[in-house]
Amino acid sequence: MLTSIRHIANDLITILFPNLCVNCLKSEPFQGEQFCLSCLSKIPFIEDQKAVEASLIGKKSLPKDLSSQFALMYYYKKSISQNILHEIKYKDNPRLAQALGEELARRYLKRWPKDAILVPVPLHPKRRYKRGYNQAKKIAEGISKVTQLPIDDRIIKRVLNNTSQTQKSLEERKELLKDTYAIRKKVNYEKVILVDDVVTTGATISACYNLLKSIDIGEVYLATVAITV
């Protein structure tokens, strides 16, 4: 019911305020994008894969032996990058989540591993029902559209519906995530790309990574829209 009401409300907003940038809500979007040219220029895109790796060095919880990492932008509080993440998580904009996945895929088009499976970090069913979709899966759908890599969102399940981790310390996050995820089905994939919307401490990715390794996945990669700095 809540999801249906939210969809109706967003449809009304689209009708009443058509063709406005989702960030500033003032200017027309640029050439089919959801952002105006001014806001597009403010998005803190990450330049290349070396910059991604450098940005992740300080994430103490992140697994050290990820095969490779892909990321689209830096995440800063009270900035357009925070607005973008809030848009796909809390403002019912799955189309933007998929578009971000497409852009992420295009930026690293020649670097994506062949024969890999995209595995979005799961939401708890209650949270997915309330939101209407899993933003990580929508991002994965965008990556898949460009790379043709298949998606399998039934390997890992979220069994605990924890409160937000935003204000938690690193140790608190680790403790919360100990029993948050579980393996739903065993597979014999050689390469898996974990997909999420943002990497903060790396604790979530680490929890999912450990589960994948427990079922003998050979290589695990990371793809994320944003990295906190």
Q) Out of all the residues in the stretch 152-171, is one or more assigned to a helix (DSSP H, G or I) and either assigned by TED's automatic domain parsing to the domain that holds S61 or among the acidic types (D, E) (or both)? A) yes
If we keep only residues of the stretch 160-186 that are among the polar types (S, T, N, Q) and modelled with pLDDT of 85 or more, then the residue farthest from S214 (Cα to Cα) is N161
Of (1) surrounded by 15 or more Cβ atoms within 10 Å (Cβ to Cβ); (2) at pLDDT below 95, K64 fails just (1)
By residue number, the members of the stretch 44-53 that are surrounded by fewer than 18 Cβ atoms within 10 Å (Cβ to Cβ) and under 19 Å from the mean Cα position of the chain (by Cα) are P44, F45, E47, D48, Q49, A51, E53
Across (1) of a type in the set (V, I, T); (2) over 20 Å from I57 (Cα atoms); (3) modelled with pLDDT under 95, I151 clears everything bar (3)
For the stretch 207-224, the count of residues that are surrounded by 19 or more Cβ atoms within 10 Å (Cβ to Cβ) and either over 17 Å from L118 (Cβ atoms) or not assigned by TED's automatic domain parsing to the domain that holds L118 (or both) equals 1
Does L149 satisfy the criteria of being over 17 Å from D65 (Cβ atoms), of a type in the set (A, V, I, L, M, F, W, C) and assigned to a loop (DSSP other than H, G, I, E, B)? yes
Only one of (1) within 16 Å of the chain's Cα centre (by Cα); (2) surrounded by 18 or more Cβ atoms within 10 Å (Cβ to Cβ) does not apply to H86, and that is (2)
- Does the stretch 133-142 contain any residue that is closer than 20 Å to P44 by Cα, over 12 Å from the mean Cα position of the chain (by Cα) and not in a loop (DSSP other than H, G, I, E, B)? no
Of the residues in the stretch 106-143, those that are hydroxyl-bearing (S, T, Y) and buried (at least 21 other Cβ atoms within 10 Å of the Cβ) come to none
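The values are calculated or read from the model by the stated rules, or taken from the named source; none is laboratory data. All values derive from a computational prediction rather than experimental measurement. Methodologically, a virtual Cβ is constructed for each residue, glycine included, from the backbone with ideal geometry; neighbour enumeration extends over all protein chains shown.
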